[in-house]
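Asks: Structure provided below as structure tokens; questions to follow.
The values are calculated or read from the model by the stated rules, or taken from the named source; none is laboratory data. Everything numeric in this text was worked out from a predicted model, so none of it was measured. Using ideal geometry, Cβ is built from the backbone for each residue, glycine included, and neighbour counts are taken over all protein chains shown. Each accessible area value is taken on the protein alone, full model and side chains, heavy atoms only, with ligands, DNA and RNA left out. Shrake-Rupley method; radii C 1.70, N 1.55, O 1.52, S 1.80 Å.
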Amino acid sequence: MLPRSLTRLASRHKWSLVFVLAIVTVIGVSILPVREQAPTQQQQPGGYRLFAAPEDNLANANNDNDNKDDNGLNTVVEQQEQQLSQLRQVVARLTQENARLSLSKDEALESVQLAIADAEAAARAAEQVAAAATRAEEEAERQLAEAKAAAAASGPKGGATLNKAAAARDPSKPHRFDDDDSEAGTYNREATPEEIGESIRADWKSFAATHGIERTLSDAVAAPGTAAATAARDSAELPKRILVTGAAGFVGYHTSIHLKTRGDFVFGLDNLNSYYDPRLKVGRMNSLKELDVRVITGDVCDAELLRSLFSSVDITHVVHLAAQAGVRYSLDHPLAYIRANVKCFITLLEVCFHTKERPIKTVYASSSSVYGLNTKQPFSETDQVDMPASLYAATKKSNEGIAHVYHHLHKLPLTGLRFFTVYGPFGRPDMAYYSFTASIVADKPITVYKNDDGSEMMRDFTFVSDIVAGITACVDLGAELEVFNLGNNNPEKLSTLINLIEKGLGREAEKIYAPITAGDVPSTFADVSHSKKMLGYEPKVSLEKGISIFLDWYAKFHNLDIPGLQVAE
């Protein structure tokens, strides 16, 4: 019986062995006839056999012929032996090759096993990531619930209440493009459009009484459409009636405060989406409430709601700042940008157009992102913007094109504003200055992105008060069709921003360096000469001063005692 190892070997290489045996059989068959048939070689002429008995060899003259035949036989045998030797060499090489192939097969099997192990490890890691995402979503929902509770506790005045039907569908969730039920009026509102319109109308009457303009207001609404009503409505005595969309957002909040403080009648609209912690938005709403600025919880894509708002107080201006912000977020949530930044903008312009009394002057937020991959700097409003680097940038560029269409077709007065890296108190947590501060305070590392060539990224950081000044100037200008840069005209390295935050907090950040992310651009730099000429725009706040103001607000808002905090006077 064969040893087990030989049995396994024979089983693994059975086809190779069959091939070798076949070769040996062929060799044996080809040689054997020579050996066996030699004694009966053919007879020579004269009837003599090659191997006749001695007594039969009577003619010595035939011996030479016998020797010749014997030498020929030896030659044939030698040739067969040489062929056998060559075949043995071939068999040896085939055996070696078979062994090599067997080893390669074992190595391949081992590689497959390793790949399977890697795939299983990746699957386990994916499960961990999914579990972490689920926990993060649950935490976001918990925070939203707290924000809603806080808003509800603040009462209806000032618009701090959230939707009563929030249990049916959460309006704070980012919308999909095909999640379109606004035309049916099923978007969750805090009240019906008529009730919301009545509340805004009551606020307007209260405002008029407070400012001593009841008589002019009465004339303006007594006989709508008459010459007297139009004259009264356009009277300089009546303040501007301004709807600010995205009023609970960063720029919308500061803009609403400024317009209200200078004497305009202001109310807001915001859907309180959960792109970042909604508690910040509720905090802004509560702050606006103290100034008697109502913020309606609603969506700009809700045309019915917009029509009710427009008819409630005879709006003169819209400052449209509601949008889905963020470059990196657009990589994973593209449809949220199409809906919020494109469809809602068109819905707003349609309502403006169909408000026939007179054109409503609209100032809307574009972005410096429209300059995309342009290399010429500083960026000018006259530059071509045909190379956006992100979907967010593409939607903002589309806003400018849509505005041109609605002005061309319907004569709507529209002004677009390209904001450059806005920062300041009550800002967005996803912005670098805010997230760096939060991480440094929590003793967590910060991720610092660098350009592909290793150089530092640069941004034209613009303090929010300078942005608000530019927005206000555009409201007052009421241009027919314009686009303006609003920046600081002074790009700074990212390391400068980090150094100022470290200095203000009195501690150094742990830094992790990473390559620039998809959708981002190496640098931004605003040419504000057109804004200066047309708006009198002049940025005043340096990055050092602005970061100091932000850090002071951050410590107070988050109720933090930061021992090394340094605030500039």
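Asks: Going by the conditions given, is ILE338 surrounded by 18 or more Cβ atoms within 10 Å (Cβ to Cβ), more than 26 Å from the chain's Cα centre (by Cα) and touching a residue at least 24 places away in the same chain (Cβ under 8 Å)? It would help to see each step written out before you state the result.
Replies: Details: surrounded by 18 or more Cβ atoms within 10 Å (Cβ to Cβ): yes; more than 26 Å from the chain's Cα centre (by Cα): no; touching a residue at least 24 places away in the same chain (Cβ under 8 Å): yes.
No; evaluated as a whole, the condition is false for this residue.
Asks: Still on this structure, I have one more. Name the residue, out of GLY212, GLY283, GLY263, that is under 37 Å from the mean Cα position of the chain (by Cα) and either open to solvent by less than 60 Å² (accessible area, probe 1.4 Å) or modelled with pLDDT of 85 or more (or both). Please lay out each step first, then the result.
Replies: Numbers: GLY212 fails: under 37 Å from the mean Cα position of the chain (by Cα); GLY263 fails: under 37 Å from the mean Cα position of the chain (by Cα).
None of the other options fit; the residue is GLY283.
Asks: Tell me yes or no: at least one residue of segment 248-259 is outside any strand (DSSP E or B), modelled with pLDDT under 95 and of a type outside the set (Gly, Ala, Ser). Please lay out each step first, then the result.
Replies: From segment 248-259, those outside any strand (DSSP E or B) are 248-259; that's our starting set.
Imposing the further condition that a residue be modelled with pLDDT under 95 reduces the set to none.
No, every residue in segment 248-259 fails to be outside any strand (DSSP E or B), modelled with pLDDT under 95 and of a type outside the set (Gly, Ala, Ser).
Asks: Just to be sure I understand, how many residues within segment 325-341 are touching a Leu at 6+ places or on another chain (Cβ under 8 Å) and not in a helix (DSSP H, G or I)?
Replies: Result for segment 325-341: 0.
Asks: Tally time: how many residues in segment 551-564 are assigned to a helix (DSSP H, G or I), touching a residue at least 12 places away in the same chain (Cβ under 8 Å) and surrounded by fewer than 18 Cβ atoms within 10 Å (Cβ to Cβ)?
Replies: Residues in segment 551-564 being assigned to a helix (DSSP H, G or I), touching a residue at least 12 places away in the same chain (Cβ under 8 Å) and surrounded by fewer than 18 Cβ atoms within 10 Å (Cβ to Cβ): 3 in total.
Asks: Would you confirm, using the coordinates I've provided, whether SER548 is more than 15 Å from ARG459 (Cα to Cα), open to solvent by less than 30 Å² (accessible area, probe 1.4 Å) and either among the hydroxyl-bearing types (Ser, Thr, Tyr) or in contact (Cβ under 8 Å) with a residue 40 or more places away in the chain (or both)? Break it down into steps so the answer makes sense when it comes.
Replies: Working: more than 15 Å from ARG459 (Cα to Cα): yes; open to solvent by less than 30 Å² (accessible area, probe 1.4 Å): yes; either among the hydroxyl-bearing types (Ser, Thr, Tyr) or in contact (Cβ under 8 Å) with a residue 40 or more places away in the chain (or both): yes.
For SER548, the condition - more than 15 Å from ARG459 (Cα to Cα), open to solvent by less than 30 Å² (accessible area, probe 1.4 Å) and either among the hydroxyl-bearing types (Ser, Thr, Tyr) or in contact (Cβ under 8 Å) with a residue 40 or more places away in the chain (or both) - is met.
Asks: Quick one: which residue in LEU291, LEU309, LEU321 is open to solvent by less than 40 Å² (accessible area, probe 1.4 Å), over 32 Å from the mean Cα position of the chain (by Cα) and not small (Gly, Ala, Ser)? Please lay out each step first, then the result.
Replies: Working: LEU291 fails: open to solvent by less than 40 Å² (accessible area, probe 1.4 Å); LEU321 fails: over 32 Å from the mean Cα position of the chain (by Cα).
Step by step, each of LEU291, LEU309, LEU321 is checked, and only LEU309 is open to solvent by less than 40 Å² (accessible area, probe 1.4 Å), over 32 Å from the mean Cα position of the chain (by Cα) and not small (Gly, Ala, Ser).
Asks: Looking at segment 342-363, can you tell me whether even one residue there is touching a Cys at 6+ places or on another chain (Cβ under 6 Å), free of Cβ contacts under 8 Å to residues at least 60 places away in the same chain and in a helix (DSSP H, G or I)?
Replies: Yes; the residues of segment 342-363 include at least one that is touching a Cys at 6+ places or on another chain (Cβ under 6 Å), free of Cβ contacts under 8 Å to residues at least 60 places away in the same chain and in a helix (DSSP H, G or I).
Asks: Can you give me the number of residues within segment 321-342 that are among the β-branched types (Val, Ile, Thr) and at pLDDT 90 or above?
Replies: Going through segment 321-342 one residue at a time, the tally reaches 2.
Asks: Moving on. What tally of residues in segment 261-270 results from selecting those that are touching a Ser or Thr at 6+ places or on another chain (Cβ under 8 Å) and either of a type in the set (Asp, Glu) or outside any loop (DSSP other than H, G, I, E, B) (or both)?
Replies: Quick first cut of segment 261-270, residues touching a Ser or Thr at 6+ places or on another chain (Cβ under 8 Å) only: 262, 266, 268-270.
When the remaining residues are screened for being either of a type in the set (Asp, Glu) or outside any loop (DSSP other than H, G, I, E, B) (or both), the result is 266, 268-270.
Qualifying residue count, segment 261-270: 4.
Asks: Any residue in segment 527-542 that's at pLDDT 95 or above and of a type in the set (Lys, Arg): show its pairings with residues that are open to solvent by 80 Å² or more (accessible area, probe 1.4 Å) and assigned to a loop (DSSP other than H, G, I, E, B) at Cβ separation under 7 Å, as long as the two are six or more apart or on different chains.
Replies: Close Cβ pairs (under 7 Å, with a partner that is open to solvent by 80 Å² or more (accessible area, probe 1.4 Å) and assigned to a loop (DSSP other than H, G, I, E, B)) amount to LYS532/GLU538.
Asks: Of the residues SER531, SER495, SER542, SER465, only one is closer than 19 Å to PRO378 by Cβ, surrounded by fewer than 19 Cβ atoms within 10 Å (Cβ to Cβ) and among the hydroxyl-bearing types (Ser, Thr, Tyr); which?
Replies: Numbers: SER531 fails: surrounded by fewer than 19 Cβ atoms within 10 Å (Cβ to Cβ); SER495 fails: closer than 19 Å to PRO378 by Cβ; SER465 fails: closer than 19 Å to PRO378 by Cβ.
Unique residue meeting the criteria: SER542.
Asks: Give me the residue from segment 419-431 that is closer than 20 Å to VAL370 by Cβ and open to solvent by 10 Å² or more (accessible area, probe 1.4 Å) and, out of that set, nearest to the chain's Cα centre (by Cα). Give the steps one after another, and end with the answer.
Replies: Filtering segment 419-431 down to residues closer than 20 Å to VAL370 by Cβ leaves 419-423, 428, 430-431.
Next, from what is left, pick out any that are open to solvent by 10 Å² or more (accessible area, probe 1.4 Å): 419, 421-422, 428, 430-431.
Details: PHE419: 20, THR421: 18, VAL422: 20, ARG428: 17, ASP430: 13, MET431: 14 Å.
Of everything passing the filter in segment 419-431, ASP430 is nearest to the chain's Cα centre (by Cα).
Asks: Quick check on my filter: what residues within segment 294-306 are open to solvent by less than 20 Å² (accessible area, probe 1.4 Å) and not in a loop (DSSP other than H, G, I, E, B)? If you could, list the steps in order and put the result at the bottom.
Replies: So in segment 294-306, the residues open to solvent by less than 20 Å² (accessible area, probe 1.4 Å) come out as 295-302, 305-306.
Across segment 294-306, the qualifying residues are VAL295, ILE296, THR297, LEU305, LEU306.
Listed here are the residues, each with its yes/no results for (1) at pLDDT 95 or above; (2) crowded, with 22+ Cβ neighbours inside 10 Å.
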{"residue": "CYS344", "(1), (2)": "yes, yes"}
{"residue": "HIS354", "(1), (2)": "no, no"}
{"residue": "PHE379", "(1), (2)": "yes, yes"}
{"residue": "SER390", "(1), (2)": "no, yes"}
{"residue": "THR395", "(1), (2)": "yes, yes"}
{"residue": "SER398", "(1), (2)": "yes, no"}
{"residue": "ILE402", "(1), (2)": "yes, no"}
{"residue": "THR415", "(1), (2)": "yes, yes"}
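Asks: Then there's this: Residue check, ASN273 against (1) open to solvent by 30 Å² or more (accessible area, probe 1.4 Å); (2) farther than 30 Å from GLU480 by Cβ; (3) assigned to a loop (DSSP other than H, G, I, E, B); (4) not acidic (Asp, Glu), all met but one. Which one?
Replies: The failed condition is (1).
Asks: Against the conditions (1) of a type in the set (A, V, I, L, M, F, W, C); (2) in contact with a Lys or Arg (Cβ under 7 Å, 6 or more places away or on another chain); (3) farther than 23 Å from SER523 by Cα; (4) surrounded by 23 or more Cβ atoms within 10 Å (Cβ to Cβ), where does VAL370 fall short? Just the number, please.
Replies: Unmet condition: (3).
Asks: Assuming ILE440 fulfils every condition listed in (1) open to solvent by less than 10 Å² (accessible area, probe 1.4 Å); (2) under 21 Å from TYR329 (Cβ atoms) apart from one, which condition is it?
Replies: So ILE440 meets the others, but not (2).
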